[in-house]
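The values are calculated or read from the model by the stated rules, or taken from the named source; none is laboratory data. Computed from a prediction, not measured in an experiment: that's the story for all the values here. Neighbour counts run over all protein chains shown; Cβ positions are idealised from the backbone, glycine included. When the accessible area is computed, the model is the full protein with side chains, heavy atoms only, and any ligands, DNA or RNA have been set aside. Shrake-Rupley method; radii C 1.70, N 1.55, O 1.52, S 1.80 Å.
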Amino acid sequence: MSARDTTEPAYRALAGTLRARIAEGRYRGGVRLPTESELSEEFGLSRQTVRRAFQDLVAEGAVYRVPGRGTFATEGNGRYLRQLGSIEDLMNLSDDTTMEVVSAPRRQVDLDAAGRLRLDTDLVYRMVFRRFHDGVPFVLTTVWWPESVARPVIERPEVAAGATSAHTMIGLLEPHLDRPIVEAAQSITVAAADASVAEQVNCPEGHPMLRVDRLYSDAEGNAVELAVSHFLPEHYTYRVTLRRSSS
């Protein structure tokens, strides 16, 4: 698939493609990335577009440039590096990670989750999964959905206990929604791993974790999913690009 086969800007699509290739290990051991000219020819893009993609990868630390030699992938020291700047970036976690379902969707009463989802009922659906990169579990995520959101997906094989796939949950949900997901309100804190988290990501109980809470909403402001993730900081690097508005 070429970098033009997407609705996102061409430079970001190309950066995502290169990021996925880096994650696959194509440029390990000092192997040079393709030049701007080579990528321009491969994807049918302008040199300026390719240069912008490289600039994003350099800014996030995924690659570095050596004058006279070329561009090289940064050694990750075993960490999963993810640059986030859009809902599409969150959906594209499936490009280079694997989801394993720990607990299949189950209907239950949860006052806190229902309140955060702004529901007029206390009933929600809850599911737990972990995500792997290069065979290493680096995050445990619990999600809660309104019943109307959960109903179309709870019988899918991808969400059965023990199932593994390259999907993201919002990627599975969105085709069944009346309106697209357009917002993820996010908070990041530090939390200690409890017994269940520690068991699933292979760390000691009480180990410091990066906790990320996200509340996804559709185009009319309706809450679609509440997700609480506990990331192992030694296996995960989180970066966000902040850009000045065009106005």
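Kindly indicate whether any position in the range 36-50 is free of Cβ contacts under 8 Å to residues at least 60 places away in the same chain, open to solvent by less than 20 Å² (accessible area, probe 1.4 Å) and touching a Gly at 6+ places or on another chain (Cβ under 9 Å).
Pass one, the range 36-50, residues free of Cβ contacts under 8 Å to residues at least 60 places away in the same chain: 36-50.
Add one more test, that the residue is open to solvent by less than 20 Å² (accessible area, probe 1.4 Å), and what stays is 39, 43, 45, 50.
Imposing the further condition that a residue be touching a Gly at 6+ places or on another chain (Cβ under 9 Å) reduces the set to none.
Looking through the range 36-50, none of the residues is free of Cβ contacts under 8 Å to residues at least 60 places away in the same chain, open to solvent by less than 20 Å² (accessible area, probe 1.4 Å) and touching a Gly at 6+ places or on another chain (Cβ under 9 Å).
What's the number of the condition Pro175 fails, among (1) in a loop (DSSP other than H, G, I, E, B); (2) loosely packed, with under 13 Cβ neighbours inside 10 Å?
(1)
Please find, among Glu183, Glu158, the residue that is over 23 Å from Arg106 (Cα atoms) and acidic (Asp, Glu).
One residue alone meets the criteria, Glu183.
Specify which of the listed residues (Val182, Val139, Val124, Val149) is of a type outside the set (S, T, N, Q) and under 22 Å from Thr97 (Cα atoms).
Details: Val182 fails: under 22 Å from Thr97 (Cα atoms); Val124 fails: under 22 Å from Thr97 (Cα atoms); Val149 fails: under 22 Å from Thr97 (Cα atoms).
Only one candidate qualifies: Val139.
With the requirement that a residue be of a type in the set (Gly, Ala, Ser) and assigned to a strand (DSSP E or B), what does the range 211-236 give you?
Narrowing the range 211-236 to residues of a type in the set (Gly, Ala, Ser): 217, 219, 221, 223, 227, 229.
Of everything in the range 211-236, those that are of a type in the set (Gly, Ala, Ser) and assigned to a strand (DSSP E or B) turn out to be Ser217, Ala223, Ala227, Ser229.
Please give the number of the condition Thr97 fails out of (1) in contact with a Lys or Arg (Cβ under 9 Å, 6 or more places away or on another chain); (2) closer than 19 Å to Tyr238 by Cα; (3) surrounded by fewer than 17 Cβ atoms within 10 Å (Cβ to Cβ).
With respect to (1) in contact with a Lys or Arg (Cβ under 9 Å, 6 or more places away or on another chain); (2) closer than 19 Å to Tyr238 by Cα; (3) surrounded by fewer than 17 Cβ atoms within 10 Å (Cβ to Cβ), Thr97 is out only on (3).
Examine the range 161-169 for a residue that is in a helix (DSSP H, G or I), in contact (Cβ under 8 Å) with a residue 12 or more places away in the chain, within 13 Å of Phe129 (Cβ to Cβ) and open to solvent by 50 Å² or more (accessible area, probe 1.4 Å), and state whether such a residue exists.
Taking the range 161-169 first, the residues in a helix (DSSP H, G or I) are 169.
Checking which are in contact (Cβ under 8 Å) with a residue 12 or more places away in the chain leaves us with 169.
Going one step further and asking which of them are within 13 Å of Phe129 (Cβ to Cβ), we end up with 169.
Now drop any that are not open to solvent by 50 Å² or more (accessible area, probe 1.4 Å), which leaves none.
No: the range 161-169 contains no residue that is in a helix (DSSP H, G or I), in contact (Cβ under 8 Å) with a residue 12 or more places away in the chain, within 13 Å of Phe129 (Cβ to Cβ) and open to solvent by 50 Å² or more (accessible area, probe 1.4 Å).
Quick one: would you say Glu24 is closer than 21 Å to Gly61 by Cα and modelled with pLDDT under 80?
Details: closer than 21 Å to Gly61 by Cα: yes; modelled with pLDDT under 80: yes.
So Glu24 fits the description; yes.
Inside the range 11-35, can you point out the residues that are surrounded by fewer than 19 Cβ atoms within 10 Å (Cβ to Cβ), in a helix (DSSP H, G or I) and either touching a residue at least 40 places away in the same chain (Cβ under 8 Å) or of a type in the set (A, V, I, L, M, F, W, C) (or both)?
Ala20, Glu24
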